[in-house]
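Visitor: Supplied in structure tokens, the structure appears directly below.
The values are calculated or read from the model by the stated rules, or taken from the named source; none is laboratory data. Bear in mind the structure is a predicted one, so any value in this text is a computation, not a measurement. Note that we place each Cβ from the backbone using ideal geometry, even for glycine, and neighbour counts take in every protein chain shown. Keep in mind that these areas ignore ligands, DNA and RNA; they rest on the heavy atoms of the full protein, side chains included. Shrake-Rupley method; radii C 1.70, N 1.55, O 1.52, S 1.80 Å.
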Amino acid sequence: RARILSGMQPSADSLHLGNYLGALLNWVRMQEEYDAFFFIPDLHAITVPQDPEILARRTRVTAAQYIAGGVDVEKSTLFVQSHVPEHTQLAWVFNCLTGFGEASRMTQFKDKSQKQGTDSASVGLFTYPILQAADILLYNPQFVPVGEDQRQHVELSRDLAQRFNSRFSETFVVPQPAIQKDTAKIYDLQNPTAKMSKSAQSPAGLINLLDDAKTIAKRIKSAVTDDGTEIRFDRENKPGVSNLLTIHSVITGHTVDELEEQYQGKMYGHLKVDLAEIVVDRLGPIKSRAEELLADPAELDRLLAVGAQKARDIAAETVEQVYRKVGFLPAL
Ligand code: TYM
């Protein structure tokens, strides 16, 4: 079976609807067909300052949400990045294979460091994509299911795989990003030209997987729509309505064409009322399941330990090969 790998940062109190529709849902589908690795990149989270207790809690919450959202620990390998030290070991080797200029061109660093001020941005934030390349290449996946915003990072991992293979010898599979076109991006409900993000200005544009039904319904009903009345998908002129149609379509499985037909002659309000119900029905059981899992942290930690062991078995082999190829003396 071909392999996939992906992860989401534990950097908020909950995953949001963009993470769920743009990534998690896709993972859950793919785990049926692929040998799947899903992890929680806590090493990446500390590239910006984190409160230790909050980080630990968020790591568990993220794991619980993966499982509640449909990741099946019997079928897939679920683990926490810091439990597998090989990630940092391979990252160091890749740090030494990446050009300074090459790393400087990564747009996420440019955006985030601009926000923080270049002087206070950490070196970890700068080398973030290199650690991500290590995450990926350790397991030699064929595909990396992510949202559009991660495309450049997967590109870097492809470049590093090819570079290592040609400089030393054939070692890494060159992975491909698996980005579902129309669902790749969910936008902020209040500002529908910006992606839905945990770092949004106001929470009003954000739906979290742990929000209660009332909050979810309220946020959808007060979503910004566009001038005019027609319910039509038009990203350029009707970004608000288009975003609502996308969310509807991804959850219900109806195509956008079908939805346009269904809502012909109806008002924005109709779409919002329906969509609020659809989203609440979908997220409600995920929230309850996540809360159940979080009520038994010892069991959750046990599941993560099993996953870490499975991951390490593979990761250790990769690091051993890499260390040998770069010329490190074997430790007896
Ligand atoms: P992160 O934590 O920012 O996002 C997790 C996943 O959610 C997707 N996503 C979205 N999709 C659609 N609409 C949105 N509004 C939206 N917001 C986020 C992201 O594209 C992503 O797939 N660097 C990664 C984490 C990471 C990783 C990896 C991923 C570390 N190592 C190795 C894959 C493979 C990140 O910060 O994702």
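Visitor: Suppose we keep only residues that are more than 17 Å from residue 304 (Cα to Cα) and away from the ligand (no atom under 12 Å from the Cβ) within segment 44-69. Which one would you say is most open to solvent (accessible area, probe 1.4 Å)?
Guide: Of everything passing the filter in segment 44-69, 53 is most open to solvent (accessible area, probe 1.4 Å).
Visitor: Of everything in segment 20-43 that's within 24 Å of residue 215 (Cα to Cα) and touching a residue at least 60 places away in the same chain (Cβ under 8 Å), which residue is farthest from the ligand (Cβ to nearest atom)?
Guide: This residue is 25.
Visitor: Continuing with the same structure: Restricting attention to segment 147-162, and to residues there that are hydrophobic (A, V, I, L, M, F, W, C) and surrounded by fewer than 24 Cβ atoms within 10 Å (Cβ to Cβ), which single residue is nearest to the ligand (Cβ to nearest atom)?
Guide: 154
Visitor: Would you point out the residue of segment 114-142, among those that are of a type in the set (Ser, Thr, Tyr) and surrounded by fewer than 19 Cβ atoms within 10 Å (Cβ to Cβ), that is modelled with the highest pLDDT?
Guide: Of everything passing the filter in segment 114-142, 122 is modelled with the highest pLDDT.
Visitor: Moving to a separate point now. Let me confirm something: among 280, 306, which residue is of a type outside the set (D, E, K, R) and open to solvent by less than 60 Å² (accessible area, probe 1.4 Å)?
Guide: 280
Visitor: For residue 178, are the conditions met, namely being within 11 Å of the ligand (Cβ to nearest atom), under 22 Å from residue 111 (Cα atoms), surrounded by 17 or more Cβ atoms within 10 Å (Cβ to Cβ) and within 17 Å of the chain's Cα centre (by Cα)?
Guide: Here the answer is no, as residue 178 does not meet what is asked.
Visitor: Only one of these is modelled with pLDDT of 95 or more, of a type outside the set (Lys, Arg), open to solvent by 40 Å² or more (accessible area, probe 1.4 Å) and in contact with a helix residue (DSSP H, G or I) (Cβ under 6 Å, 6 or more places away or on another chain): 209, 244, 275, 294. Name it.
Guide: Result of the check over 209, 244, 275, 294: 294.
Visitor: Now for a different question. Mind checking whether some residue in segment 82-92 is surrounded by fewer than 20 Cβ atoms within 10 Å (Cβ to Cβ) and not in a helix (DSSP H, G or I)?
Guide: Yes.
Visitor: Then there is this: Could we say that residue 173 is more than 16 Å from residue 317 (Cβ to Cβ) and among the aliphatic types (A, V, I, L, M) here?
Guide: Judged against the criteria, residue 173 is not a match.
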